[in-house]
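Before any comments, here is the structure.
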Amino acid sequence: MKLLRNVLAVGMGALLLGSCAKPKDAMEVKIDRLLSQMTLEEKIGQMNQLSGAGLSDDMKNQVRDGKVGSILNEVDVDVVNELQRIAVEESRLGIPLVFARDVIHGFKTVMPIPLGQAATWNPAVVEAGARVAAEEASAAGVRWTFSPMIDVSRDPRWGRIAESYGEDTYLSTVMGVATVRGYQTDDLADPTAVAACAKHFCGYGAAESGRDYNTTWIPEAQLRDVYFPPFQAAAEAGCATFMCSFNDINGVPSSGSKFLNIDVLRNEWDYDGLLVSDWASIQQMVPHGFCADLKDAAYKAANAAVDMDMAGYAYTSHLKELVEEGRVSEAVVDEAVRNILRLKFRLGLFDNPYAPKQDHPYYKEESLQTAKQAAEESAVLLKNEGNALPLDGGCTLLVTGPLADSPRDQMGTWCFDNAEGERAVTPLQALRQVNGLRVMYEPGLAYSRDRSQAGIRRAVQAARRADAVVCFVGEEAILSGEGKCRADLSLPGAQTELICALAATGKPLVLVVMAGRPLTIGTEVQLADAVLFQFHAGTMAGPALADLLLGKAVPSGKLPVTFPTMAGQAPVYYAHKNTGRPPVDVAHIDSIPVGAPQFSVGASSYYLDAGGWPLFPFGYGLSYTTFEYGEPHLSTDLLTESGTLTVTCDITNTGIYDAYETAQLYTRDLVASLCQPVRQLRGFEKVLIPAGETRTVTFELTPDDLAFCHADLRTYAEPGEFQVWVSTDSQSGKPVTFEYE
Ligand code: BGC
């Protein structure tokens, strides 16, 4: 058995070396030269990422002794520069450290959570937001962020859906690439550039039952169609690093997966960036039941080409021994160290190791404007009965609800460097600045889980004196993000009671929901005249919402994820398969006569209580204006193997506001050797259409856009009939058909 392992380990080393046999450029030559001077201990040191501990003696000694390659969570620039000085001047080889941090949606100036960024359907503003984050974080010495999280996420129970770009592969791909570009620019060596990290590779968003860290079982064809594309695109866009996911996938934890990390990432995608474990995810292969102990975990992770151990001590504790025993070849270690050194060279750290001394670039006016634009475009108008919005700017307005004035909560999850909402402008503060508007404030509830009744009574009394009511409800920041899953997706606490009581006053009622995930708000939507949904939107949530509520801006956000009617529908997503019995004659549980015969209410694919469809579909979002879509026009109804099909569609703004509309291109492969989804997003365009005018959107489709992974794991388009839609969301529009031959 031991012999077999040796053969495997050595064989894998050769495989890895083989995959990198490219002509060597100057940087690779430098890497080789450095590597040839390193002891095994120094190599293992590079593979070790530690959590910051200030300038403790232990940390200084480890850096001096070359026992650490990277430090995460150290953002005091003086500490960063001093540790870097020790690494560069006092360690034997002077290899710089790389400092990492979870800068997920902003460092000081905070953008909407990634789910909200996806709701903008505007990659340019997403890229600009990442640029702001990189400028601010790099000033603190952070040159590596653990973002973007491009896990396709189809389960709103999963707390980390907040960090994702939602349920769709194409949208996640576009947003992921935009984010990478924003962090890295074209030149990683620019001192304001920050290495991005495509995470979590792979399948983490498919955690069974939406419970964090849970197991996943994903057939390879589905991995290739749904979960891989954002990662492959990130690799192609030059994303400098990747991170393993915590979950096991088809029985193998990602940190021990040769399939993911070697066969796919290194060999198929030819990736030469750094692969870091997740926090102690190597160690966690023991409780997963995949490794016997920490040594076994180090053995499996190293041989699965995980370059760096984040805070897990598996490599520092056991890798030397494993190499000496011949169970991990030194070539495997060398390859990992090469990837690590390559990142440091690419970041220019050998030439410019220190964070420049400068006035901090936080909260620059342009940065705040970017945050405001992102927040504004991220808000999705779900309902606007009787044009309740925009509000009359001269009215007496009751502002109420636990999210109206909660800077901390509007920041959302993962705001390590601005958790209290420093410089955040809340909706209450912003509305109070509006000239002519008379604002009364009565929070009703102190926080989203509050159940006290006294505040509700006060809010109702105040509502009676107001012309209109805007109620800010949702989730506190702590209710979404890592390890923050919910089985019940309703508004927490007594928020629904607050809304019912306000609605009973008969005053025009506008709800603004600020949350980290889709919520089951069907009842509340019915009670309100208008509903704006904004995923936690960061520093400038307040000014953005004030402009939207008063009509200085027009909502243009679209849902990046399906909203279920009831939590029990999850996972629920638009790109589902049709089944052999799509929903027909949907009966409601309360409508079934007592003693009804078994099949009297039919037998198709729906829920007796939640029906056959979600509350709001993917891509949905209204405007203060209305748009009319013409029929899509195809350049040909026969697409050939080397051909391109051009799809055009006229969209007319039939209302009175100039506004943006995001036109969405969907296709469906009607008959295929593996059943295909009922619709798949293939493109989108966000276009400004002045009131009364028409604009034409144009998309191009090639056979690559229609390809799917087959049972033999080859990806190509199958000849046959296809439908195509250009529509305002994933449920509407009339398809036209074409043939692919
Ligand atoms: C998360 C990662 C994160 C890492 C470092 C882990 O718990 O899963 O997404 O980057 O911690 O903080």
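Identify the residue in segment 481-505 that is open to solvent by 50 Å² or more (accessible area, probe 1.4 Å) and farther than 23 Å from A162 by Cβ and, among all such residues, is farthest from the chain's Cα centre (by Cα).
Going through the qualifying residues, I end up with A504.
Considering Y447, Y441, which residue is more than 16 Å from the ligand (Cβ to nearest atom), in contact with an Asp or Glu (Cβ under 7 Å, 6 or more places away or on another chain), open to solvent by 20 Å² or more (accessible area, probe 1.4 Å) and aromatic (F, W, Y)? Talk me through it step by step, then tell me what you get.
On the way: Y441 fails: in contact with an Asp or Glu (Cβ under 7 Å, 6 or more places away or on another chain).
Among Y447, Y441, only Y447 is more than 16 Å from the ligand (Cβ to nearest atom), in contact with an Asp or Glu (Cβ under 7 Å, 6 or more places away or on another chain), open to solvent by 20 Å² or more (accessible area, probe 1.4 Å) and aromatic (F, W, Y).
Any chance segment 160-173 includes a residue that's under 19 Å from K484 (Cβ atoms), within 16 Å of the ligand (Cβ to nearest atom), open to solvent by less than 10 Å² (accessible area, probe 1.4 Å) and β-branched (V, I, T)?
Yes, segment 160-173 contains at least one residue that is under 19 Å from K484 (Cβ atoms), within 16 Å of the ligand (Cβ to nearest atom), open to solvent by less than 10 Å² (accessible area, probe 1.4 Å) and β-branched (V, I, T).
From E127, E136, E208, which residue is away from the ligand (no atom under 15 Å from the Cβ), in contact with a strand residue (DSSP E or B) (Cβ under 7 Å, 6 or more places away or on another chain) and of a type outside the set (S, T, Y)? Reasoning before the result, please.
Working: E127 fails: in contact with a strand residue (DSSP E or B) (Cβ under 7 Å, 6 or more places away or on another chain); E136 fails: in contact with a strand residue (DSSP E or B) (Cβ under 7 Å, 6 or more places away or on another chain).
Sole residue among the options that is away from the ligand (no atom under 15 Å from the Cβ), in contact with a strand residue (DSSP E or B) (Cβ under 7 Å, 6 or more places away or on another chain) and of a type outside the set (S, T, Y): E208.
From the set of residues in segment 211-227 that are farther than 27 Å from R346 by Cβ and in contact with a helix residue (DSSP H, G or I) (Cβ under 8 Å, 6 or more places away or on another chain), which is farthest from the ligand (Cβ to nearest atom)?
Here the answer is D225.
Scan the strands (runs of 3 or more DSSP E) fully inside segment 672-741 and keep the ones with 1 or more residues being basic (K, R) and on the phi < 0 side of the Ramachandran plot.
It comes to 680-689, 694-701.
In segment 532-552, what count of residues is obtained for those that are at negative phi, assigned to a loop (DSSP other than H, G, I, E, B) and open to solvent by 10 Å² or more (accessible area, probe 1.4 Å)?
3
Hey, which of the helices (runs of 4 or more DSSP H) in segment 371-480, taking only ones fully inside, have at least 2 residues that are within 29 Å of V561 (Cβ to Cβ) and either within 24 Å of the chain's Cα centre (by Cα) or at pLDDT below 95 (or both)?
Helices (runs of 4 or more DSSP H) meeting the threshold: 407-411.
Read through the list (1) over 27 Å from P582 (Cα atoms); (2) out of contact with any Cys (no Cβ under 8 Å at 6 or more places or on another chain), then give the number of the only condition that V697 fails.
In the conditions (1) over 27 Å from P582 (Cα atoms); (2) out of contact with any Cys (no Cβ under 8 Å at 6 or more places or on another chain), V697 misses (2) alone.
Residues M540, M514: which one is among the aliphatic types (A, V, I, L, M) and in contact with a Phe, Trp or Tyr (Cβ under 8 Å, 6 or more places away or on another chain)?
Just one listed residue meets the conditions, M514.
Write out, first by first residue and then by second, each pair whose Cβ atoms fall under 8 Å of each other, whose residues are 6+ apart or on separate chains, and whose first residue, in segment 148-170, is at pLDDT below 95 while the second is among the aliphatic types (A, V, I, L, M) and not in a loop (DSSP other than H, G, I, E, B).
Close Cβ pairs satisfying both conditions: none exist.
For segment 424-438: of the residues being open to solvent by less than 40 Å² (accessible area, probe 1.4 Å) and in contact with a strand residue (DSSP E or B) (Cβ under 8 Å, 6 or more places away or on another chain), which is nearest to Y362 (Cα to Cα)?
Looking at residues that are open to solvent by less than 40 Å² (accessible area, probe 1.4 Å) and in contact with a strand residue (DSSP E or B) (Cβ under 8 Å, 6 or more places away or on another chain), I get A424.
Please tell me if P230 is assigned to a loop (DSSP other than H, G, I, E, B), touching a residue at least 60 places away in the same chain (Cβ under 8 Å) and either more than 16 Å from the ligand (Cβ to nearest atom) or under 20 Å from the mean Cα position of the chain (by Cα) (or both).
no
Listed here are the residues, each with its yes/no results for (1) touching a residue at least 24 places away in the same chain (Cβ under 8 Å); (2) under 35 Å from the mean Cα position of the chain (by Cα); (3) open to solvent by 50 Å² or more (accessible area, probe 1.4 Å).
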| position | (1), (2), (3) |
| --- | --- |
| A596 | no, no, no |
| F599 | no, no, yes |
| Y607 | yes, yes, yes |
| T625 | yes, yes, no |
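Please enumerate the residues belonging to segment 410-423 that are open to solvent by 20 Å² or more (accessible area, probe 1.4 Å) and either closer than 24 Å to E497 by Cβ or out of contact with any Asp or Glu (no Cβ under 9 Å at 6 or more places or on another chain) (or both).
A419, E420, E422, R423
Among the residues that make up segment 704-717, is at least one of them of a type outside the set (D, E), in contact with a Pro (Cβ under 6 Å, 6 or more places away or on another chain) and open to solvent by less than 30 Å² (accessible area, probe 1.4 Å)?
Yes, that holds for at least one residue.
Kindly provide the set of residues from segment 174-191 that are of a type in the set (S, T, N, Q), buried (at least 23 other Cβ atoms within 10 Å of the Cβ) and away from the ligand (no atom under 16 Å from the Cβ), ordered by number.
Q184
Kindly evaluate R154 against the criterion of being within 23 Å of L489 (Cα to Cα), within 16 Å of the ligand (Cβ to nearest atom) and not hydroxyl-bearing (S, T, Y).
It is false that R154 is within 23 Å of L489 (Cα to Cα), within 16 Å of the ligand (Cβ to nearest atom) and not hydroxyl-bearing (S, T, Y).
Go through segment 149-195 and count every residue that is part of a loop (DSSP other than H, G, I, E, B) and among the polar types (S, T, N, Q). Let's see the steps before the verdict.
As a first pass, look at segment 149-195 and keep what is part of a loop (DSSP other than H, G, I, E, B): 150-158, 164-168, 185-194.
Keeping just the survivors that are among the polar types (S, T, N, Q) gives 153, 164, 185, 192.
Total meeting the criteria: 4.
What number of residues in segment 555-581 are touching a residue at least 40 places away in the same chain (Cβ under 8 Å) and either at positive phi or open to solvent by 30 Å² or more (accessible area, probe 1.4 Å) (or both)?
The number of residues fulfilling the criteria is 8.
Suppose we filter segment 105-126 for residues that are closer than 18 Å to F146 by Cβ and open to solvent by 10 Å² or more (accessible area, probe 1.4 Å); how many remain?
Final tally of qualifying residues: 2.
Mind counting the residues in segment 281-322 that are of a type in the set (A, V, I, L, M) and open to solvent by 20 Å² or more (accessible area, probe 1.4 Å)?
Of the residues in segment 281-322, 3 are of a type in the set (A, V, I, L, M) and open to solvent by 20 Å² or more (accessible area, probe 1.4 Å).
Of everything in segment 83-103, what is within 16 Å of the ligand (Cβ to nearest atom), open to solvent by 10 Å² or more (accessible area, probe 1.4 Å) and in contact with a helix residue (DSSP H, G or I) (Cβ under 7 Å, 6 or more places away or on another chain)? Give them in sequence order.
R101
Which residues, taken from segment 196-220, are outside any loop (DSSP other than H, G, I, E, B), buried (at least 17 other Cβ atoms within 10 Å of the Cβ) and touching a residue at least 40 places away in the same chain (Cβ under 8 Å)?
Once the filter is applied, which keeps residues that are outside any loop (DSSP other than H, G, I, E, B), buried (at least 17 other Cβ atoms within 10 Å of the Cβ) and touching a residue at least 40 places away in the same chain (Cβ under 8 Å), segment 196-220 yields C197, A198, K199, H200, F201, Y204, G205, A206, G210.
Please verify whether segment 307-327 includes one or more residues that are within 19 Å of the chain's Cα centre (by Cα) and at pLDDT 95 or above.
No, because not a single residue in segment 307-327 is within 19 Å of the chain's Cα centre (by Cα) and at pLDDT 95 or above.
Within segment 688-702, how many residues turn out to be open to solvent by less than 40 Å² (accessible area, probe 1.4 Å) and either polar (S, T, N, Q) or under 25 Å from P229 (Cβ atoms) (or both)?
3
The values are calculated or read from the model by the stated rules, or taken from the named source; none is laboratory data. Everything quoted here is computed from the prediction, not taken from an experiment. Glycine gets a Cβ as well: all are built from the backbone with ideal geometry, and neighbour counts include every protein chain shown. These accessible areas exclude ligands, DNA and RNA; they are computed on the full protein's heavy atoms, side chains included. Shrake-Rupley method; radii C 1.70, N 1.55, O 1.52, S 1.80 Å.
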